Structures are given as structure tokens and as C-alpha cells.
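Any read-out appearing in this document is the output of simple, stated calculations on the displayed coordinates, not a laboratory observation. Worth saying up front: this structure is predicted, and the values here are computed from it rather than measured. A quick note on method: Cβ atoms are made from the backbone with ideal geometry, for glycine too, and the neighbour counts reach across all protein chains shown.
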Amino acid sequence: MTNILLSQILSLMTAFVSPDAAAAGPGAGRHHGDRGANMCEQLACTDEQRARIDAIRADHRQEMADERAEAKRLRTALKAERAAASPDAKKIAALQAQLDALKATMKQARQETRTEISAVLTPEQREQLEAMKAKHAGKGKARGKGKAHAKGERGAKGKAHAMGERGAKGKAHAKAKRGAKGKAHAKRGAKDKAAGKGLTAKRERPGKDRFTSG
């Protein structure tokens with residue numbers, strides 16, 4: 001529960017979603033209002049502070065919604081152009097430049113909103129909020145390292161398994177090949193031996209016939 005509340009607090013302080021997120025739906029305002037209420041509960045905001053924070057967010061809400069919609073439009077156009085049968089490199093570059101510029105504008109707007117909200121809080125509340133953010137960030141890094149370690153371990157095991165499997169197949173193939181060669185060699189040896197006996201018998205028969213007729 002604490003982690004959820006911390007996440008909501010951090011989300012509020014970034015003032016709306018990131019520029020890469022989809023455009024907000026009809027319930028976006030209520031959702032962010034819930035985040036604001038949770039932050040104020042954690043920081044014990046006064047009624048006046050709550051009202052001022054809500055007003056700050058309301059001032060930026062429509063502007064940010066319009067910018068998110070435009071960012072979505074640009075991403076859709078960029079994706080379509082890249083997937084075209086004959087992509088236009090100049091058009092792709094122009095769309096990407098527009099999207100990058102819009103992202104920078106939205107980032108600046110979020111920073112301004114964070115600054116305005118922070119100004120409403122008391123020094124003690126700001127310190128408390130920073131402590132919460134630092135604690136949450138530390139947990140996030142730990143989870144990220146754990147995931148990276150697990151992924152690396154799975155990758156190493158997978159490679160080892162694949163190498164072992166290839167090695168086993170290689171050995172089995174080599175053994176089968178040697179066995180086949182050995183059998184073929186033995187078969188040829190038997191044929192040669194049989195042929196040698198036949199020649200010897202042919203050589204011996206004429207002598208025996210002369211000896212018998214004499």
C-alpha cells in the first residue's frame with residue numbers, strides 16, 4: 001500500500017503523464033485528482049493547499065491534453081511512414097524533429113508545474129516529499145538490478161544449455177559418422193578378403209587338375 005501511495009505522489013509531482021504516454025481519456029482528471037488527494041494525505045496538506053494544488057493542475061490540464069493528443073498524432077504518422085512500402089526519409093526526419101520538439105515542450109511544462117506545486121508546500125513538507133521520492137527511487141533501482149540479474153542469469157543458463165546441447169549433438173554426430181565409416185571400412189575389408197580367397201582358389205585348381213590327370 002505504501003509503495004502505491006509513493007508511486008501516486010511521484011506521478012502527481014511530474015504533473016500528468018509523460019509525453020510518450022497515450023492521450024488522456026475522459027477519466028484522466030479524476031485519476032489525477034485522486035493522486036493529488038493521496039499526496040496531500042501523506043503530507044498533511046491544509047484545505048488551502050489542496051485548493052491551490054488543484055487550481056495549478058487545472059490551469060495546465062487542457063494544454064497538456066492538447067499536447068499529448070498532438071504527440072500521439074505525430075507518433076502514429078511516424079510509424080505509418082516507417083512502415084510504408086517506400087519510406088520518405090525527409091518526411092520521417094521532419095516528423096521525428098516535430099515530436100522531439102513537442103516532448104521538450106511538455107517536459108518543460110511538467111517542470112514548471114512541479115515548481116508551482118512545490119511552492120505551495122512548506123519547507124517541512126518539501127523535505128518529507130523528497131525523502132519519500134528518494135526512498136521510492138532506491139527501491140526502484142533495487143528492483144531493476146534484481147530483474148537485470150535474473151535476466152542475465154536466465155540468459156547465461158540458456159546459452160550454456162544451448163552450447164551443451166550443440167556439443168552433445170556434435171559428439172553424437174561424430175560418433176555416428178565414425179561408426180558408419182568403421183562399418184563401411186570393415187565391409188570393404190571383408191569383400192577384399194573374400195576376393196583374395198577366390199583368387200587363391202582359382203590359382204590352386206589348375207595345379208590340382210594336372211596332378212590328378214597324371
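Quick notes on this structure:
- Approximating the spin labels as points 7 Å out from Cα along Cα→Cβ, the LYS90-to-ALA119 distance works out to 4.5 nm.
- Centre separation in Å (Cα based) which lies between the range 124-139 and the range 63-117: 31
- Distance in nm between pseudo-label sites at ARG178 and ALA101 (7 Å out along the Cβ direction from Cα): 7.1
- Over 27 Å (Cα to Cα) - which of LYS151/LYS177; LYS79/LYS133; LYS107/LYS139; LYS107/LYS151; LYS135/LYS159 fall in this group: LYS151/LYS177; LYS79/LYS133; LYS107/LYS151; LYS135/LYS159
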